[in-house]
């Protein structure tokens, strides 16, 4: 069988030119819109050398429903002490001023009040400028003592709380040095005939408060502590 005839070739034995296909058109490129023109801001009048404008303080509004703000407390006038004065120090009771001296402290001269407590055999030095804040005071006035005696005649007011908490409150009243607060302790812990006996700790606090109050009363009445204590006991029984 004869082979099929070969396809015709061009001249000089060259192949016919190939057909070139056109390249596909490219996708259109999205162009972002131009940003809007920026509006120039007004020039600032303040410069680096000029001071900042003053700020007005915001008024404070009262809190609705809250307690009113108490007025500022006036500073208590300074009390002068001299040698021989009987004074009361909150945590030690009645003492006597022996004088005012200047002692060197850290290279400075400090003026102090020398107070002695005969029963405790103790000497206390209180700076003059700290006398008021430390609670050092002169003896109570007769009007204040009469008010304290009226407290003793009143009815006992015992809170229904644990004894440990009440004992802490009683000790705070005694160490305050206030005759009225001390009289409240004596009144609340006193037991008349027919009433239940005091516990050991109640008796201790009662005697401590009675001793403090009797010492100040004795200094005011210029008598001894035993006579002042008998006077207080008589007031308690009369109430």
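The values are calculated or read from the model by the stated rules, or taken from the named source; none is laboratory data. Only a predicted model underlies this, so the values are computations on that prediction, with no experimental measurement involved. When we count neighbours, we look across all protein chains shown, and the Cβ atoms used for this are built from the backbone with ideal geometry, even at glycine.
Here 204, 198, 208 are screened, and the one residue that is in contact with a helix residue (DSSP H, G or I) (Cβ under 7 Å, 6 or more places away or on another chain) and over 24 Å from residue 139 (Cα atoms) is 198. In summary, strands (runs of 3 or more DSSP E) completely within the range 88-190 and bearing 2 or more residues that are touching a residue at least 60 places away in the same chain (Cβ under 8 Å) and closer than 23 Å to residue 204 by Cβ occur at 93-105.
Of the residues contained in the range 202-222, none is found to be over 34 Å from the mean Cα position of the chain (by Cα), more than 20 Å from residue 87 (Cα to Cα), modelled with pLDDT of 90 or more and assigned to a helix (DSSP H, G or I).
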